[in-house]
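Comments concern the structure below.
Throughout, read-outs are computed from the coordinates displayed, never taken from laboratory work. Treat the numbers as computed from the prediction; the structure is a model and nothing was measured. Here Cβ is always computed from backbone atoms with ideal geometry, including for glycine, and neighbour counts include all displayed protein chains.
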Amino acid sequence: MSPPVFRFAPSPNGYLHLGHAYSALLNFDLARQSGGTFLLRIEDIDATRCRPAFEAAICEDLAWLGIDWQTPVRRQSEHMDVYRAAIERLDRDGLIYPAFESRAEIALLVAAREAEGPWPRDPDGAPLYPGDGRHETDAARATKRAAGLPFALRLDMAAALGRVGPLAWRENGVGPSGETGAVNAQPEAWGDVVMARKEIPTSYHVSVVVDDALQGVTDVVRGQDLFWATSVHRLLQELLDLPAPRYRHHGLVRDGGGDKLSKSARAPSLRALRAAGTTPAEIRQRVGLPPARA
C-alpha cells in the first residue's frame with residue numbers, strides 16, 4: 001500500500017486565521033504520523049479576489065507554524081485546461097447546460113416561487129436554481145451566447161443521477177449533526193449546481209475533485225462546513241471516473257459568539273497574532289492540538 005497523501009488547499013483571498021491553522025496543522029500531523037505526504041495547493045480560480053500577496057502570506061504563515069510541503073505547489077489558475085476538459089466531458093455526456101439568468105433575475109424567480117410556498121434550499125442555505133435553463137432550445141442558447149450574455153454551466157442533476165447508482169462515502173470524522181461511518185451521499189440536495197461560469201471556466205466542485213485525483217490525494221481532511229459538499233464530489237468522481245479518497249471532516253474553530261471564523265467576518269489573522277507575540281506552540285494549544293513532535 002502506498003503512503004497516504006494529505007493536502008491543505010486555501011484560497012489566497014485573505015489572510016489565514018486560526019481555523020486555517022487548525023486544518024493545516026491537523027493535515028500535517030496526520031501526514032507525519034502515517035509516514036505520508038503533505039501537499040499545499042493554492043485554490044485561486046477566482047482571479048478577481050485572489051492576490052499573489054495573500055499567497056505569499058499563506059506560505060509565510062505555514063512556515064512559521066512549522067509546516068513544510070512538497071514543491072512545486074499546484075496553483076489552480078495554471079491548470080484551467082484540465083478543468084475545462086472535465087467540463088467538456090460532462091457536456092459530451094449531455095449532463096450540463098448553460099443558464100443565462102443573472103443573480104438578480106434568479107433572486108426575483110426565487111421570490112416568486114416563495115410567494116407560492118417554501119422553496120428548497122441547498123445545505124449551505126442558498127435557494128436551489130429556480131430557472132428553466134435546461135429546457136431552452138439549442139438555437140436560443142446559441143443566440144444568447146453570440147450576444148455575449150453571461151451564463152453559468154449547470155449540472156443537470158436529474159440526468160446525472162440517472163447515470164450512477166446509490167452513492168456513499170466512509171466518514172472517518174464527524175459531520176455537523178454527528179454523522180460518521182457510512183454516509184449516504186445526497187447530491188440532489190444541491191439542485192442543478194454550477195459547474196463553471198463564462199468568466200471562470202471551472203468551479204470549486206470540479207477543480208477540487210480533478211486536483212485530488214491528479215495529485216493522488218488519499219485523505220481529504222477538512223472542516224465540517226464542507227461535509228455535504230462531499231455529496232457533489234462523490235457524484236462528480238463517478239461521472240468522471242475519478243477515485244474517491246477517504247474523508248475526515250473536523251469541527252470548526254469558532255469565535256466567542258459561536259460563529260465559525262471567516263475572512264469575511266474579519267477573524268484575527270495569524271500574522272496579526274504573530275505580531276502580537278503569539279507563538280506557534282500557543283496556536284496549537286488554542287486550536288486544541290498537542291505539542292509538535294520534535
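With both partners inside the chain, how many of the DSSP beta bridges are antiparallel, as a percent to the nearest 5? Among the beta bridges of the chain, antiparallel pairing accounts for roughly 55 percent. Sorting Thr137, Thr180 from the fewest to the most surrounding beta carbons within 10 angstrom yields Thr137, Thr180.
Taking 0.36 nm per intervening residue step and subtracting the Cα-Cα distance, what contour gain separates Val287 from Asp91 on full extension? Don't jump to the answer; show the numbers that get you there.
Values: separation 196, 0.36 × 196 = 70.56 nm, distance 4.32 nm.
This chain segment gains 66.2 nm when fully extended.
If you average the sequence gap of Cα pairs under 8 Å that are 6 or more apart and divide by the length of segment 86-156, what percent do you get for the contact order? Taking the mean separation of contacting Cα pairs over the length of segment 86-156, I get 51 percent. The modelled label-to-label distance between Arg84 and Ala63, using points 7 Å beyond Cα along the C-beta direction, is 3.4 nm. Kirkwood-type hydrodynamic radius, segment 1-99: 15.2 Å, calculated from all non-identical alpha-carbon pairs.
What fraction of the DSSP beta bridges in segment 1-153 is antiparallel, stated in percent and rounded to the nearest 5?
Details: 3 of 9 bridges.
Once the DSSP bridges in segment 1-153 are tallied, antiparallel ones form about 35 percent.
Taking 0.36 nm per residue of sequence separation and subtracting the Cα-Cα distance, how much length would be gained by fully extending the chain between Thr48 and Ser2, in nm to one decimal?
Values: separation 46, 0.36 × 46 = 16.56 nm, distance 3.84 nm.
This chain segment gains 12.7 nm when fully extended.
With r defined as the distance between the Cβ atoms of Ala104 and Glu199 and R0 fixed at 25 Å, what FRET efficiency is calculated, to the nearest 0.05? Write down the numbers at each step before the final one.
Working: r = 16 Å, r/R0 = 0.66.
It comes out at approximately 0.95.
Principal-axis analysis of the Cα atoms of the chain puts helix 18-34 at an angle of about 70° to the longest axis.
Peptides 155-167, 241-253: what's the order by average Cβ count within 10 Å, highest mean first? Provide the component values of the computation, followed by the final result.
Working: 155-167: 15.5, 241-253: 17.1.
Ranking the peptides 155-167, 241-253 by packing returns 241-253, 155-167.
Just to confirm the number: angle between the C-alpha axis of helix 103-114 and the first principal axis of the chain, 0 to 90 degrees, nearest 10? With rounding to tens, the tilt is 70 degrees. A straight chain from Glu114 to Leu240 at 0.36 nm per residue would run longer than the Cα-Cα distance by 41.9 nm. Look at (i) 35, 21, 20; (ii) 28, 22, 20; (iii) 43, 38, 16: the one that is semi-axes √(5λ) of the Cα gyration tensor in Å derived from this structure is (i).
Sort Phe100, Phe38 by Cβ crowding within 10 Å, fewest neighbours at the top.
Numbers: Phe100 18, Phe38 21.
If I rank by nearby Cβ atoms, fewest first, I get Phe100, Phe38.
Mind checking segment 1-107 for trypsin sites (Lys or Arg not before Pro) that DSSP puts in a loop (not H, G, I, E or B) and that have at most 16 other Cβ atoms within 10 Å?
Working: sites: Arg7, Arg32, Arg41, Arg49, Arg74, Arg75, Arg84, Arg89, Arg92, Arg103; in loops: Arg49.
Taking segment 1-107 and a limit of 16 other Cβ atoms within 10 Å, the loop trypsin sites (Lys or Arg not before Pro) found are Arg49.
Neighbour counts of C-beta atoms inside 10 Å place Met195, Met80, Met1 in the sequence Met1, Met80, Met195, starting with the fewest.
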